[in-house]
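Report on one structure; see the data block that follows.
The values are calculated or read from the model by the stated rules, or taken from the named source; none is laboratory data. These figures come from a predicted structure and were not determined experimentally. Here the Cβ positions follow ideal geometry from the backbone for every residue, glycine too, while neighbour counts run over all protein chains shown. Surface accessibility is based on the protein's heavy atoms, side chains included, excluding ligands, DNA and RNA. Shrake-Rupley method; radii C 1.70, N 1.55, O 1.52, S 1.80 Å.
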Amino acid sequence: MGKMKLSEFISSNRDELIGRCRAKVAKRSAPAATEAEIDHGVPLFLDQLVNELRHGPSKTDEISKSAIQYGHDLLLQGFTVSQVVHNYGDVCQSVTDLAMETGAPIATDEFRTLNGCLDDAIAGAVTEYSRGQQVTRDGHSDEMRRWINTAITAFEVLQSGRVGIGGTTGQLLSMSLTKVRALIDRPVAVTAKPS
């Protein structure tokens, strides 16, 4: 295969990539995948990725904004934060698997763009998912739980090797741990005992 840009590869194999992501989600999802999960999130991300590969980073942060909405939508549909993260990971795996199968080389700078876009999308979706979780206990402990869950999820993404520590997901982990420390250091209001 001749030297094809990653943007062209994704555009010409778009339906195949969506199909591969659909198959991965179908094997894993509980609750069952909805049409919106695949038919909206994956194609939109692929289109935005192609745009970034062709024109450079978006000045409007389209990927992050869409990921925020996607994280919110999946939370409302009952998906776990792990499923949200895996949906983006499926895109990366599908692109790299198909490229290897067809002998299409991916240039280092294009792979870096792919990882950066995934990193931004995962961080945006996880942040919104965590923010959208309903409050079930008092504000302090619930806020602590949200930040800890966000930190754990960010760590799991980093541990998977899909994104690097120096990107948005690494920043999300650092910010989450800083927020947890601030909550721990926050003075607790003490009420006086009746005499």
Report summary line: Using a 1.4 Å probe on heavy atoms of the protein chains only, the accessible area for His86 in Å², nearest 10, reads 60 Å²
Query raised in the report: Can you work out ³J(HN,Hα) from phi for every residue in the range 94-102, in order, using Karplus 6.51 cos²θ - 1.76 cosθ + 1.60 and θ = phi - 60°, giving whole Hz and x for Gly and Pro?
Result: 5, 5, 5, 4, 5, 4, 5, 5, 9
Report summary line: Largest-first ranking of Glu52, Glu8 by accessible area, probe 1.4 Å, whole protein assembly kept, is Glu8, Glu52
Query raised in the report: Stretched out fully, how many nm does the piece from Gln93 to Ile148 gain, at 0.36 nm a residue minus the Cα gap?
Result: 17.1 nm
Report summary line: Bounding extents of the range 57-183 in its principal axis frame from Cα atoms, largest first in Å, are 55, 30, 29
Query - Heavy-atom accessible area ranking, 1.4 Å probe, most first, across Phe79, Phe111 - result: Phe111, Phe79
Query raised in the report: Ordering Lys24, Lys5 from largest to smallest accessible area (1.4 angstrom probe), what's the sequence?
Result: Lys5, Lys24
Query - Efficiency of FRET from Cβ geometry, Thr108 and Gln171, R₀ 25 Å, rounded to 0.05 - result: 0.65
Query raised in the report: Leaving out ligands, DNA and RNA but keeping every protein chain, what accessible area does Thr178 have, in Å² rounded to the nearest 10, with a 1.4 Å probe?
Result: 70 Å²
Query - Label-to-label distance, nm, for residues given as Gln77 and Ser11 (7 Å Cα→Cβ offset) - result: 2.8 nm
Query raised in the report: At a Förster radius of 35 Å, what calculated FRET efficiency corresponds to the Cβ-Cβ distance of Leu183 and Met4, to the nearest 0.05?
Result: 0.10
